[in-house]
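Read the figures in this text as sums done on the coordinates, not as results from a lab. Since this is a predicted model, take the numbers as computed values, not measurements. When we count neighbours, we look across all protein chains shown, and the Cβ atoms used for this are built from the backbone with ideal geometry, even at glycine.
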Amino acid sequence: MFAGSSEEAARRGKTGSSKFAALLSRIRAMAAGQRRDRRLRLCETLSLGEKRFIAVVEYGQHKFLLAGTPQNISLLQHLDEGSKRADQVSRPESNPD
């Protein structure tokens, strides 16, 4: 009778642990899937001292230049292809003729 009980307990333990492993595997897969779907990304930051910073943040296909202080975060500029072209026009390259 005891041998049967220990075999039954061992069988339940294996079944329970395999269910737990399957559940853990599903949770990991879901977490990995969520990481791939993240659309918000911090590209670069620059500290300006005294708890102030500027940062480039990407959301999907769009990039933004933000400024932050302990009390506030402000949008300085939406960085897209149009603003890149405007930046190139405003800063002409020097020609060493």
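Listed values, structure above:
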| quantity | calculated |
| --- | --- |
| Nearest-0.05 FRET efficiency for Leu24 and Asp80, computed from C-beta distance (R0 41 Å) | 0.45 |
| Neighbour-count order for Leu42, Leu66, fewest beta carbons within 10 angstrom listed first | Leu42, Leu66 |
| Gained length - Glu44 relative to Asn72, 0.36 nm times residue gap less alpha-carbon distance | 8.2 nm |
